[in-house]
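Working notes, beginning with the structure itself.
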Amino acid sequence: MKIYEALLFQFLNPKAWIVALTVVTVFFPNEEHFIKATLFVSLSAPLICFFSVITWAGFGSSIRVFISNEKIKKFIEVLMALLLVVTAIFMLI
């Protein structure tokens with residue numbers, strides 16, 4: 001994937017749009033000056049994202065050690081898929 005393809009992919013990524021809209025509606029300080037609030041959100045978001053991505057990647061790497069059995073791996077994949085569907089349904093309701 002080339003850099004412009006990755007940028008276009010992120011621009012069209014619906015999850016990124018939902019995260020951006022959620023951050024702005026929930027965490028954007030109303031009482032502050034617009035420039036200060038924008039700088040606050042713009043500078044704090046990468047820091048928060050960095051630590052959450054590190055946590056996510058670390059969990060993914062560490063759980064691989066415990067899931068060596070193929071049946072257990074398949075069970076966890078199905079369980080995670082079901083939890084994702086339940087979450088999506090819960091969000092729609």
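Some notes on this structure:
- The chain - accessible surface per residue (Å², probe 1.4 Å): 94 Å²
- Tensor-based shape of region 32-77 (alpha-carbon gyration tensor, a/c under 1.5 rounded, otherwise prolate or oblate): prolate
- Among the helices of the chain, those built from whole DSSP H runs whose Cα atoms reach 30 Å or more along their own axis and whose mean Kyte-Doolittle hydropathy is at least 0.5 are 34-66, 70-92.
The values are calculated or read from the model by the stated rules, or taken from the named source; none is laboratory data. Every value quoted in this text rests on a predicted model; they were computed, and no experiment measured them. Quick note on the areas: whole protein, heavy atoms, side chains included, nothing else; ligands and nucleic acids left out. Shrake-Rupley method; radii C 1.70, N 1.55, O 1.52, S 1.80 Å.
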